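Single-structure report; data block below.
The values are calculated or read from the model by the stated rules, or taken from the named source; none is laboratory data. Predicted model, so just to flag it, every value in this text is computed and none were measured. Neighbour counts run over all protein chains shown; Cβ positions are idealised from the backbone, glycine included.
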């Protein structure tokens, strides 16, 4: 059969095709129709019979088979027409299988060329966001909507170059270097995904860091503005005078040294008041690891006095917005806003820094206990390998000591200044 096409004889009938099956004791049968066309019959589990068309041919010393489809989809007449077209390709020394693969690649390339950056970004997000926290998902979506989609979202991802990415990043690089760096990094990740899926080829156009000023030169690194640990009792004293859900959430956040997103998103089913434990699931943690927080007596008392009006501890049926902590708490405790004596633009996250400074300077608890209280990832691989527990009871004593310090009577007439940590 090599390089020679047999005489075309119509040996099969529609009835034969419909009724052909292997003989007893066998599981397969191949019947020639002529002209390189064969009927392939296979006996499956439970006696189910599968019938399909196969085109066998030889070219350049190679024998090959090409499936044409099942008989319930491709009729005998259609299979013969297809076989005739394939024989004509063989006359021209064109390999039918290679031609089919080339056509498939061309279709994929055509489809890929139509994929826009926004479509590709949404595919990337769909793949990854299940492993992200709710805050991380919101940040990704917000940054892409605000800075990226309106400039390159409608462009085919295959045709976007470095110049297009520069038009996205350059306008915000000086004014918002941290945000710009995150946006560039996210664009880069999306382009890597696009390349891996065949939507584009070549270098990643988001690798433009060398063309931009160093962030350290245009915006010195600044840490979250923090309240000095010495002033926390006074702050807590004034905080207890505010009657709002946001103020209660801020108290809880300070007492537990939690991140704002963790406290705001806390639900009643995460808390066991009898065991005095708050268990934050991995999907809500920054390091994607479940975190148990020992609740001090003050934290338990605070939670015990709250009504259960919905799944969220602070907000009931609707999750409290993070901006409420700044607007309804920190803003009100500044001069001119209702009698508060605190000033400057401290952040809620800065209370974690105050807790860490207090713990290191005023207690004898080991660094690893303090780090675990803050849910910091243990960077030392050797230490991480041996430190398999979470030092929960030691952390319970630490958090109780912190709560005792936070709730002690503040000095009368003390004026506290919220200042940034350099």
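Here is how the numbers come out for the structure above:
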quantity: Candidates 85, 79 - the one that is loosely packed, with under 15 Cβ neighbours inside 10 Å and not assigned by TED's automatic domain parsing to the domain that holds residue 285; calculated: 85
quantity: 2 or more residues touching a helix residue (DSSP H, G or I) at 6+ places or on another chain (Cβ under 7 Å) and over 30 Å from residue 198 (Cα atoms): qualifying strands (runs of 3 or more DSSP E) within segment 1-108; calculated: 37-43, 49-59
quantity: Residue satisfying all of: in segment 233-246; touching a helix residue (DSSP H, G or I) at 6+ places or on another chain (Cβ under 7 Å) and surrounded by 20 or more Cβ atoms within 10 Å (Cβ to Cβ); modelled with the lowest pLDDT among these; calculated: 239
quantity: Yes/no for residue 324 being buried (at least 19 other Cβ atoms within 10 Å of the Cβ), touching a residue at least 40 places away in the same chain (Cβ under 8 Å) and outside any loop (DSSP other than H, G, I, E, B); calculated: no
quantity: Pick from segment 218-229, criterion within 23 Å of residue 359 (Cβ to Cβ) and surrounded by 16 or more Cβ atoms within 10 Å (Cβ to Cβ), ranking: modelled with the highest pLDDT; calculated: 229
quantity: Residue 151 being within 26 Å of residue 212 (Cβ to Cβ), modelled with pLDDT of 90 or more and more than 14 Å from the chain's Cα centre (by Cα); calculated: yes
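A quick yes/no check of all residues on (1) under 19 Å from residue 353 (Cα atoms); (2) in a helix (DSSP H, G or I):
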| residue | (1), (2) |
| --- | --- |
| 232 | yes, yes |
| 246 | no, yes |
| 258 | yes, no |
| 279 | no, no |
| 287 | yes, no |
| 298 | no, yes |
| 303 | no, yes |
